[in-house]
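Everything on this sheet refers to the single structure shown next.
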Amino acid sequence: MGNVKVMWRSTKNLTRQAFKNNKMLIPLEILLGMMGEAKSILEMLLPAIVLSLIIDPTGTDKALLFVGVVCLAIVALEIGLEIAQRLLQNHSLRVLNYIIFGLNKKGMRIDLKDAERKKVYEQMDKANDGLWYSSDVHYMVFAVIVPKLLTLALTLYIFSRTHWIVALGVFLATLADILLSIRFSKKQYEFDGLKSVYNHQKDYVEETMFDQRAARDMVMNDAKDFFSKKRSDLVDQIIDVTRRKEKLEFTQEIISNTIDFIRTIGIYVIAILRYIAGKLAISDFLLFTRAAMEMTYALAQISHAVEYLFEASHYYTDYEQFMMIPETDRSMGNERLVNKPTVLEFQNVSFRYPNREDYALKNVSFKISTGETIAIVGDNGAGKSTLVNLMMRLYKTKQGNILIDGKSIYDYKYDDYVRYFAPVFQDYNLYYFTVGENVAFDNEIGKSRINDLIVRVGLEKKIASLTRGLDTPYSKTFEEDGAVFSGGEEQRLVIARALAKPSSGALVMDEPTAALDPLAEHDINTLTLDAASGLFKIFISHRLSTTKFADRIFVLDNGHLIESGNHEELINNEGLYSRMFNMQSSYYKK
Ligand code: ADP
């Protein structure tokens with residue numbers, strides 16, 4: 001019974017969503033279903049009525065007239081059906097688009113701590129698939145089940161005039177069919193789930209295999225064969241699941257055809273016996289057998305539709321679960337952050353990741369002002385990224401206070417707050433759009449501002465050398481004349497993007513230059529500092545070449561802020577910073 005409840009809920013919710021978004025869709029479905037039904041009822045009645053008319057020699061004219069009118073009506077219905085079908089397709093695609101848009105929006109709004117979990121992405125994929133599989137529930141209800149129930153009522157009425165046992169037999173046989181499909185639909189869903197996981201993994205392996213960025217790594221590690229094998233193993237698994245699913249479908253088909261066979265034979269045997277016994281007129285014989293066929297068909301359609309509703313409800317559950325994942329709390333905070341703030345302060349801040357026992361940050365306190373350049377240094381895992389993640393509200397902590405201009409950062413409107421930061425991460429992404437779109441997405445800031453930024457990050461020569469300047473596609477993936485950038489050039493492009501954010505007041509560089517050689521890193525840092533003058537500038541680095549630029553350096557060790565000061569001060573301190581610096585500089589001298 002639990003399944004019935006889920007089925008009811010998914011059907012109700014999806015129908016409600018469809019109706020809310022598009023007022024035409026459901027009336028169109030009802031119209032389509034009714035026209036289709038009217039057509040098949042006319043086709044069912046036509047031969048029997050004509051036969052009963054022509055049995056009487058004076059009825060020929062009437063019969064001809066009747067055939068003419070009914071045939072015209074059928075043609076008109078067919079045209080109507082064709083038009084309604086086209087309109088329906090259009091509206092139904094729009095509704096699906098609307099629901100998927102909501103799903104994607106949700107995906108973007110999920111808390112980072114959840115979004116990082118691979119499982120959530122798999123869930124999103126499943127939810128997306130689920131919507132495709134389940135989007136037709138209202139069609140099944142309004143264009144199939146409701147009209148077919150009318151046919152069912154009519155055929156039952158016809159049988160009640162001849163022999164009720166036929167109606168009962170057909171009904172029971174079809175009920176068996178429906179129960180069978182419910183049982184099978186659950187298994188089908190399990191197979192589809194398994195297939196979706198394997199497909200996901202296969203897509204990942206394929207993407208990595210052909211990713212330009214992984215190409216060098218792949219060749220140098222001789223990993224092509226490894227990846228090919230992984231891919232072919234996954235394909236084998238997908239084939240295996242598909243085969244098992246097809247076997248199941250085949251079994252279901254055999255059982256259902258057997259039921260159908262018994263049903264049809266039974267109907268004919270009874271009709272023939274009653275005709276021989278003189279209890280059935282020839283025209284009623286015709287009506288009876290056609291009605292039996294119609295009833296079988298109607299019940300099969302209803303059973304198919306109900307099966308779809310159950311199957312859809314399994315998929316809908318994936319969608320529902322995904323939509324229930326908590327979002328970043330955007331409602332929190334009403335304070336506007338429109339004027340550029342001047343002071344950012346950490347007071348005794350500690351933080352632990354949800355799935356970890358140990359603290360990533362412990363009792364961290366500092367105060368920084370606009371215009372200042374801060375470098376955060378420390379070994380891997382010291383807590384540098386955590387510190388900036390907290391600062392940007394990508395995670396939330398309850399231990400300690402983070403204040404901007406004296407107010408908790410959580411008091412500010414989320415959208416204002418996030419707009420204020422311009423981060424550049426190490427694992428940046430460039431997209432297969434134009435170079436200009438990679439800097440400013442929809443280009444709202446205007447070409448001249450983008451050009452200005454391109455100059456500021458030192459890419460003007462590079463962009464001038466491209467066939468279509470800023471309109472050149474990034475990478476050759478889709479177009480022959482796409483631009484190819486070096487690692488350093490890509491970094492500059494990403495920095496230009498960060499600076500292009502119109503309202504940015506704080507530039508956060510989370511080791512974006514770690515993959516570059518120290519000289520290139522030096523160049524980019526000098527350039528960035530110039531380009532971002534007047535903003536808060538926070539550089540994270542475990543290379544100490546960055547730190548000489550900084551007004552102040554924060555040294556993190558194991559989540560603790562153990563030293564702070566400028567380069568000279570920290571060298572004179574002879575603490576961790578000076579040891580790290582001496583070690584790195586001796587390495588570079590070598
Ligand atoms: P750094 O940037 O200095 O290399 P991080 O701030 O990334 O250091 O990490 C600090 C500590 O927190 C490390 O022990 C790291 O393993 C842990 N950590 C970082 N991100 C996560 C996460 N998403 N979930 C759990 N632990 C994390």
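Restricting attention to segment 417-455, the residues that are under 23 Å from ILE538 (Cα atoms) and touching a Ser or Thr at 6+ places or on another chain (Cβ under 8 Å) total 5. Take segment 425-437 and flag every residue that is farther than 18 Å from LEU507 by Cα and surrounded by 13 or more Cβ atoms within 10 Å (Cβ to Cβ). The answer is LEU430, TYR432, PHE433, THR434, VAL435, GLY436, GLU437. All of GLY371, GLY278 fail the test of being small (Gly, Ala, Ser), more than 24 Å from ASN257 (Cα to Cα), in contact with a Phe, Trp or Tyr (Cβ under 8 Å, 6 or more places away or on another chain) and more than 16 Å from the ligand (Cβ to nearest atom), apart from GLY371. Scanning segment 316-335 for residues that are at pLDDT below 85 and in contact with a helix residue (DSSP H, G or I) (Cβ under 7 Å, 6 or more places away or on another chain) yields a count of 7.
Can you find a residue in segment 222-245 that is assigned by TED's automatic domain parsing to the domain that holds ALA167, outside any helix (DSSP H, G or I) and under 30 Å from LEU194 (Cα atoms)? Yes; the residues of segment 222-245 include at least one that is assigned by TED's automatic domain parsing to the domain that holds ALA167, outside any helix (DSSP H, G or I) and under 30 Å from LEU194 (Cα atoms). Taking the numbered list (1) basic (Lys, Arg); (2) closer than 30 Å to GLY278 by Cβ; (3) touching a Leu at 6+ places or on another chain (Cβ under 7 Å) in turn, LYS202 passes all entries but (2).
Determine, yes or no, whether GLY458 is in contact with a helix residue (DSSP H, G or I) (Cβ under 6 Å, 6 or more places away or on another chain), in a loop (DSSP other than H, G, I, E, B) and outside the structural domain of VAL377 (by TED's automatic domain parsing). Judged against the criteria, GLY458 is a match. For the residues PHE441, PHE485, the requirement of being within 19 Å of LYS501 (Cβ to Cβ) and not aliphatic (A, V, I, L, M) singles out PHE441. The residues in segment 1-52 that are within 30 Å of ILE282 (Cβ to Cβ) and not basic (Lys, Arg) can be counted, and the count is 16. Within segment 296-319, none of the residues are away from the ligand (no atom under 16 Å from the Cβ) and outside the structural domain of VAL137 (by TED's automatic domain parsing). For segment 379-396, the count of residues that are closer than 24 Å to ILE495 by Cα, away from the ligand (no atom under 16 Å from the Cβ), surrounded by fewer than 21 Cβ atoms within 10 Å (Cβ to Cβ) and outside the structural domain of LEU470 (by TED's automatic domain parsing) is zero. Taking the criterion of being of a type in the set (D, E, K, R) and either within 10 Å of the ligand (Cβ to nearest atom) or surrounded by fewer than 17 Cβ atoms within 10 Å (Cβ to Cβ) (or both), the residues of segment 397-419 that qualify are LYS398, ASP405, LYS407, ASP411, ASP415, ASP416, ARG419.
Listed by first and then second residue, the pairs linking a residue in segment 449-467 that is closer than 14 Å to VAL435 by Cβ to a residue that is part of a helix (DSSP H, G or I) and of a type in the set (Asp, Glu), with Cβ atoms under 8 Å apart and 6 or more places separating them unless they lie on different chains, are ASN451/GLU460; ILE454/GLU460; LEU459/GLU489; LYS462/GLU489. Within segment 335-382, being farther than 21 Å from SER541 by Cα and basic (Lys, Arg) holds for ARG336, LYS340, ARG352, ARG356.
Tell me whether segment 515-522 contains one or more residues that are buried (at least 21 other Cβ atoms within 10 Å of the Cβ) and out of contact with any His (no Cβ under 8 Å at 6 or more places or on another chain). Taking every residue of segment 515-522 in turn, at least one turns out to be buried (at least 21 other Cβ atoms within 10 Å of the Cβ) and out of contact with any His (no Cβ under 8 Å at 6 or more places or on another chain).
The values are calculated or read from the model by the stated rules, or taken from the named source; none is laboratory data. Predicted model only: the values in this text are computed from it and were never measured. So basically every Cβ, Gly included, is an ideal-geometry build from the backbone, and we count neighbours across all protein chains shown.
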